[in-house]
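Asks: Pasting a structure here, questions to come.
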Amino acid sequence: MVEAKPGIGQRWSAARPTKTVVFWAVMASTSVLALVIVIRVAIAAVPYWRFPAAWSILLLTAAMLCLVPVWRTIGLGQVNVLLMAMVAVDVLAVTARGSRWGGLLTGVAAAVKLVPLVFIPHLFLTGKRAAAARALAVFAGLQGLALAMAPQDSAYWASYLFKTGRIGPVQQPYNQSLDGLMTRLASAAPWSAHAAWGIGAVLAVPALRLVLRYHRRGQDVSALCVTACFGLLLAPVSWLPCWVWIAPVVVALSSWLQ
């Protein structure tokens with residue numbers, strides 16, 4: 001009896017799960033490393049930290065991995081921690097030192113996912129106008145390059161950008177944005193999105209004042225966290241994995257307690 005050889009399709013199906021597992025392992029490892037970098041940069045940027053940096057990074061990283069936004073991001077293989085690391089390194093380290101490379105990582109992060117766009121006004125408002133201009137130029141350049149390579153993707157900007165329901169109902173409890181909150185409270189009433197934008201406009205005033213106050217006091221980590229949380233609240237959809245910014249928030253709160 002002659003044994004049949006597996007076809008190309010069967011060999012591909014057998015190899016695909018292995019490739020998926022390897023990709024997830026690489027992505028998870030990179031995300032954990034990015035989390036370590038965020039905590040390290042945040043500790044270095046807070047005004048006061050009395051504990052040994054190495055032990056603090058180790059303990060805080062272990063604690064952050066237990067929080068829902070972080071472990072869900074890693075479990076789902078998403079890029080939220082990586083984007084947070086790019087912005088944190090750019091704003092708290094590269095731009096803070098007056099480097100000519102300031103703003104580049106923020107621009108790349110915004111090109112990958114639109115929520116980091118909120119950090120370009122953050123750079124401008126905190127006096128890093130050259131870095132803000134570079135970030136905006138990098139974002140526009142990468143988007144232009146992507147559209148040149150795939151012109152059909154222009155439909156995203158023309159139509160899909162405003163159809164937030166395509167990635168799931170806005171009223172799901174996992175959506176922690178103002179839009180999601182108002183949609184749930186108003187039972188998906190047509191005016192709920194307008195109410196969310198109105199609340200966001202009102203919150204913009206104290207958020208701006210906090211960012212400027214923290215920046216003047218040298219508390220740049222706190223200022224960055226205010227911008228991040230305000231941007232996530234204002235976004236139409238902010239799923240739980242998007243709130244990985246809890247990591248620098250905990251560092252800032254720990255600094256205050258000390």
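Asks: Given the conditions (1) on the phi > 0 side of the Ramachandran plot; (2) in contact with a helix residue (DSSP H, G or I) (Cβ under 6 Å, 6 or more places away or on another chain), which single one is not true for Gly98?
Replies: (2)
Asks: Cβ contacts < 6 Å: first residue in contact (Cβ under 8 Å) with a residue 40 or more places away in the chain and within 16 Å of Cys225 (Cβ to Cβ), restricted to the stretch 37-52; second residue of a type in the set (Phe, Trp, Tyr) and surrounded by fewer than 21 Cβ atoms within 10 Å (Cβ to Cβ), any location; separation 6+ or different chain. Result?
Replies: Ile43/Trp49
Asks: Restricting attention to the stretch 155-190, report how many residues are assigned to a helix (DSSP H, G or I), at pLDDT below 85 and within 26 Å of Gly107 (Cα to Cα).
Replies: Summing the residues that are assigned to a helix (DSSP H, G or I), at pLDDT below 85 and within 26 Å of Gly107 (Cα to Cα) in the stretch 155-190 gives 10.
Asks: Give me a count of the residues in the stretch 1-57 that are at pLDDT below 85 and in a helix (DSSP H, G or I).
Replies: Number satisfying all stated conditions: 14.
Asks: Which of the helices (runs of 4 or more DSSP H) found entirely inside the stretch 61-154 contain at least 1 residues meeting this: open to solvent by 60 Å² or more (accessible area, probe 1.4 Å)?
Replies: 68-76, 104-112, 119-125, 129-149
Asks: Here's a follow-up. All but one of (1) in contact (Cβ under 8 Å) with a residue 24 or more places away in the chain; (2) open to solvent by 50 Å² or more (accessible area, probe 1.4 Å); (3) not hydroxyl-bearing (Ser, Thr, Tyr) hold for Leu58; which doesn't?
Replies: (1)
Asks: Follow-up. Pro248 passes all but one of (1) surrounded by fewer than 21 Cβ atoms within 10 Å (Cβ to Cβ); (2) in a helix (DSSP H, G or I); (3) not hydrophobic (A, V, I, L, M, F, W, C); which number fails?
Replies: (1)
Asks: When both residues are 6+ apart or on different chains and their Cβ atoms are under 6 Å apart, which pairs have a first residue that lies in the stretch 185-197 and is under 15 Å from Gln172 (Cβ atoms) and open to solvent by less than 40 Å² (accessible area, probe 1.4 Å), and a second that is part of a helix (DSSP H, G or I) and among the polar types (S, T, N, Q)?
Replies: These pairs meet every condition: Ala186/Ser192; Ser192/Thr183.
Asks: Check Leu203, Leu240, Leu253 and return the single one that is out of contact with any Lys or Arg (no Cβ under 7 Å at 6 or more places or on another chain), over 16 Å from Val38 (Cα atoms) and either free of Cβ contacts under 8 Å to residues at least 24 places away in the same chain or surrounded by fewer than 21 Cβ atoms within 10 Å (Cβ to Cβ) (or both).
Replies: The match here is Leu203.
Asks: Taking interchain pairs and intrachain pairs at least six residues apart, which have beta carbon atoms under 7 angstrom, with the first residue in the stretch 106-120 and more than 18 Å from Ala34 (Cβ to Cβ) and the second open to solvent by 10 Å² or more (accessible area, probe 1.4 Å) and of a type in the set (Ser, Thr, Tyr)?
Replies: Pairs found: Val118/Thr227.
The values are calculated or read from the model by the stated rules, or taken from the named source; none is laboratory data. What you see is a predicted model; the values in this text were computed from it and never measured. Note that each Cβ is placed from the backbone with ideal geometry, even for glycine, and that neighbours are counted across all protein chains shown. Just the protein is used for accessible areas: all its heavy atoms, side chains included, with ligands, DNA and RNA removed. Shrake-Rupley method; radii C 1.70, N 1.55, O 1.52, S 1.80 Å.
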